Amino acid sequence: MLRAPIVITPGCPRGIGYEVTARALAAVSVGPVIVVGDAAAMAGVGLRESAGVELRVPDTAGEPVEVAALRWAVEACRDGRARALCTGPIHKARLAAQGFPYHGHTDFLADLCGVSTPVMAFVGGSVRVALVTVHHPLRAVADLITHE
């Protein structure tokens, strides 16, 4: 039986996420993968369908492609068509200027999944980090951290 794919949303079409995705997929084999994003950005970095890699352009329904890609990816994970989601960087200020009401991925993903208190976390090798604060100026962080 084939494993469900990992879904990759490379993020902002003008950002580095598409290049990082293309280089990562060329360097490692991770099993079935669906890359969901902007067709021109995928072509621009040489992303092509191949054995184990499917490219998909989401129906944007009037929203930025990176937002539509995240929506599609979360739905695929929730209904079992995908086993995991890997996201690339989004341009938060550009999205906010277009009316995107979230501070970034974490808030948006939490809303899509019905989670009231999301945690942003990063894993790399043996390092695992969960953030106590997100999207605040560094000078304000000390005042935001409490014992509770």
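The values are calculated or read from the model by the stated rules, or taken from the named source; none is laboratory data. Computed from a predicted structure; not experimentally measured. All Cβ positions, even for glycine, are placed from backbone atoms using ideal geometry, and neighbour counts span all protein chains on display. Areas reflect the complete protein model, heavy atoms only, side chains present, ligands, DNA and RNA absent. Shrake-Rupley method; radii C 1.70, N 1.55, O 1.52, S 1.80 Å.
Here the contact order of the range 62-148, divided by its residue count and restricted to Cα pairs under 8 Å and six or more residues apart, works out to 16 percent. If R0 is taken as 22 Å, the Cβ-Cβ distance between ARG83 and ALA110 corresponds to a FRET efficiency of 0.65.
A simple charge model with +1 on the Cβ of Lys and Arg, -1 on the Cβ of Asp and Glu and nothing else charged puts the dipole of the range 1-98 at about 220 debye relative to its Cα centre.
What's the carbon and sulfur percent of the chain's accessible surface, probe 1.4 angstrom, rounded to a whole number? Write out the running numbers ahead of the final one.
Numbers: 5310 of 9280 Å².
It is 57 percent, rounded to a whole number.
The DSSP beta bridges internal to the chain are antiparallel in roughly 30% of cases. The listed peptides 49-62, 79-92, ordered by packing as a protection proxy, come out as 79-92, 49-62 (highest mean of other Cβ atoms within 10 Å first).
Between the amide H of VAL7 and those of ILE34, ARG83, ALA84, LEU85, CYS86, distances stay under 5 Å, these residues lying 5 or more places away or on another chain, with hydrogens modeled in the peptide plane. Is any residue of the range 99-122 close enough, with backbone N under 20 Å, to a label point placed 7 angstrom from the Cα of ALA61 along the Cα-Cβ axis, and if so, which? Under cut-off, by backbone N: 99-115. For a Förster distance of 35 Å, can you work out the FRET efficiency between the beta-carbons of LEU138 and ALA43, rounded to the nearest 0.05? Calculated value: 0.40. Calculate, for VAL30 and GLN98, the FRET efficiency according to 1/(1 + (r/R0)^6) with r their C-beta to C-beta distance and R0 41 Å; round to the nearest 0.05. It comes out at approximately 0.80. For the range 75-148, the solvent-accessible area with a 1.4 angstrom probe is 74 square angstrom per residue.
Indicate the helices, whole DSSP H runs only, in the chain that combine a mean Kyte-Doolittle hydropathy of 0.0 or more with a Cα extent along their long axis of 18 angstrom or more. Can you show the working numbers first?
On the way: long enough: 65-78 (20 Å, 0.66).
What comes out of the filter, once short or polar helices are dropped, is 65-78.
Helix content alone sets the calculated 222 nm mean residue ellipticity of the chain: runs of n ≥ 4 DSSP H residues at -39500 (n - 2.57) each, divided across all residues, give -10000 deg cm²/dmol.
How much accessible area per residue does the range 1-42 have, counting only protein heavy atoms and a probe of 1.4 Å, in square angstrom? Mind showing how you got there, number by number?
On the way: 2180 Å² over 42 residues.
Solvent-accessible surface per residue comes out at 52 Å².
Along its first, second and third principal axes, ordered by size, the range 15-138 spans 40, 40, 31 Å in Cα coordinates.
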